[in-house]
1. Tell me, yes or no, whether the range 238-248 has at least one residue that is modelled with pLDDT of 90 or more, touching a helix residue (DSSP H, G or I) at 6+ places or on another chain (Cβ under 6 Å) and in a loop (DSSP other than H, G, I, E, B).
2. In this structure, is residue 82 surrounded by fewer than 22 Cβ atoms within 10 Å (Cβ to Cβ) and without any contact (Cβ under 8 Å) to a residue 60 or more places away in the chain?
3. Within the range 13-33, does at least one residue satisfy the condition of being more than 21 Å from residue 150 (Cβ to Cβ), part of a loop (DSSP other than H, G, I, E, B) and without any contact (Cβ under 8 Å) to a residue 60 or more places away in the chain?
4. Within the range 438-448, take every residue that is assigned to a helix (DSSP H, G or I) and in contact with a helix residue (DSSP H, G or I) (Cβ under 7 Å, 6 or more places away or on another chain) and give me the one that is farthest from residue 536 (Cα to Cα).
5. Output the number of residues of the range 351-383 satisfying the condition of being in a helix (DSSP H, G or I) and either at pLDDT 90 or above or surrounded by fewer than 13 Cβ atoms within 10 Å (Cβ to Cβ) (or both).
6. Hey, among 531, 487, which residue is at pLDDT 90 or above, in contact with a strand residue (DSSP E or B) (Cβ under 7 Å, 6 or more places away or on another chain) and more than 28 Å from residue 436 (Cβ to Cβ)?
7. Scan (1) over 30 Å from residue 65 (Cβ atoms); (2) within 31 Å of the chain's Cα centre (by Cα); (3) crowded, with 21+ Cβ neighbours inside 10 Å for the single condition residue 438 breaks and write down its number.
8. Do we find that residue 486 is more than 18 Å from residue 536 (Cβ to Cβ) and in contact (Cβ under 8 Å) with a residue 60 or more places away in the chain in this structure?
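The values are calculated or read from the model by the stated rules, or taken from the named source; none is laboratory data. Quick caveat, the model's predicted, so the values are computed rather than measured. Cβ placement follows ideal geometry from the backbone for every residue including glycine, while neighbour counts extend to all protein chains displayed.
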């Protein structure tokens, strides 16, 4: 009886999705299961991107009562960070939080897949929507980027919800209103939404021109009311966000971080890209016209042409008008591309079947099914991590927590240390380095490290030449990309040789060897344990010549960190330095002083 019920349910699912062959449905189920498994695999093993720790550092700042833009530099809109702050507040400060925050991206990923399925079902068929969702899940760039903890995952989900509303009920006042609110939320997550807005407006305008506003039963009054509602609702959310920071006296920092900092001067390539953009739009209009040539239903034609032109317009605008086309910018593009490809493959498959040219294998497995399976096994599967690439970032955060107290400053490029205040304001990435080279930003790494008594540093990304030189000269590596204040000394060649070294940061230091402390003469007196060294030149005469030596920040030596053995077991965390477990009782938000 149970078996008959299972078969009946499976048959109903096959009928609901419009899949003619049972083998094709089983293929879809298999690919979906693999998608889930690969997603979990990537969450645990895929290497962390520097953007993930940067976003988490900003979120941590909110939980500590700091204000984004004023107290912590960030060039993103704040909605994503504010939404995630209560969750991090519950988790507390623990290296494993990086994994937990990645788990938050899983619902966003599958909601985006559901949106794509629904968009495909409405514009084409449930079968096409199904295979579009499965095809995009096998694209490695999309799979990996959607795994990372970043604002773009929420941003792309809101974009797909906006498209779903437009495709489901085009030209109704309710559709204009809801889609405008969703696009406004997109703006609250990222100012890259200007690309999405331009793509939507281009797609709607070109599609109406291709089909004809009379065929779509449109009037100037109806379009005018819809456009006014869409514009008003789109502006509401970002204006509320801006008003909040302006009312709190943070407007100048907000507008610089979000707007001015992200703008870059144009060059010759900018104008060349604009020419390519115009030429691409002409080609896109031609393709879209062929795409809907035989469609007699104007609403169906609008939906399909809108998706085709929206997909192409976004790509052309991103490549032609956006200064930095990073891989996360493709998150809104790949699903729509997969949908268009599946629609074309399905049409080709139907034509081959009508003419009797379809191979016997493809009578049971359609071209979209074959394409989805090939993409997953040829593109995604070979690129899956085979080692624990994520462990390096976890170990780095763990070591920084073990070395520092909550009020200590650290140096890092973008916030890699997550749970500690940075001694410099700006994040060091392509935009910032370009502004430094043009003289628009003065970087003061050496001065800030000395002023804030920063004893721990991490070089995890791009950095200026003199900044990198200062860190390498005044900090020694102790494992997992972590550096602490100190210097490496060359081995003494004779018993009476005095090794001279310079200390930039006054603090307590210890002279150590690979086997422990070295009892020699430091500045002419016996060196026994930690000693305070002022800024300037010092001399050390080792007790035993020929052994490697290091001047190391004393608390690091006490915790068994040393530059000669950087293995994880070389510096165990003491019991007093372990961190609270998951879901400890903490304040979700610190007291903000807006």
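1. Taking the range 238-248 as the starting set, the residues that turn out to be modelled with pLDDT of 90 or more are 238-248.
Right, trim to touching a helix residue (DSSP H, G or I) at 6+ places or on another chain (Cβ under 6 Å) and you get 238, 241, 245.
Narrowing further to those that are in a loop (DSSP other than H, G, I, E, B): none.
No, the conditions are met nowhere in the range 238-248.
2. Details: surrounded by fewer than 22 Cβ atoms within 10 Å (Cβ to Cβ): yes; without any contact (Cβ under 8 Å) to a residue 60 or more places away in the chain: yes.
Yes, satisfied.
3. Here is the first cut: in the range 13-33, the residues more than 21 Å from residue 150 (Cβ to Cβ) are 13-33.
So of that shortlist, the ones also part of a loop (DSSP other than H, G, I, E, B) come out as 18-21.
Filter once more, so that each one left must be without any contact (Cβ under 8 Å) to a residue 60 or more places away in the chain: 20.
Yes, there is a match, as at least one residue in the range 13-33 is more than 21 Å from residue 150 (Cβ to Cβ), part of a loop (DSSP other than H, G, I, E, B) and without any contact (Cβ under 8 Å) to a residue 60 or more places away in the chain.
4. Within the range 438-448, the subset assigned to a helix (DSSP H, G or I) is 445-448.
Okay, now just the ones that are also in contact with a helix residue (DSSP H, G or I) (Cβ under 7 Å, 6 or more places away or on another chain), so 445-446.
Values: 445: 19, 446: 15 Å.
Result: 445.
5. Qualifying residue count, the range 351-383: 19.
6. On the way: 487 fails: more than 28 Å from residue 436 (Cβ to Cβ).
So the residue among 531, 487 that is at pLDDT 90 or above, in contact with a strand residue (DSSP E or B) (Cβ under 7 Å, 6 or more places away or on another chain) and more than 28 Å from residue 436 (Cβ to Cβ) is 531.
7. (3)
8. Working: more than 18 Å from residue 536 (Cβ to Cβ): no; in contact (Cβ under 8 Å) with a residue 60 or more places away in the chain: yes.
Spelling it out, it is not the case that residue 486 is more than 18 Å from residue 536 (Cβ to Cβ) and in contact (Cβ under 8 Å) with a residue 60 or more places away in the chain.
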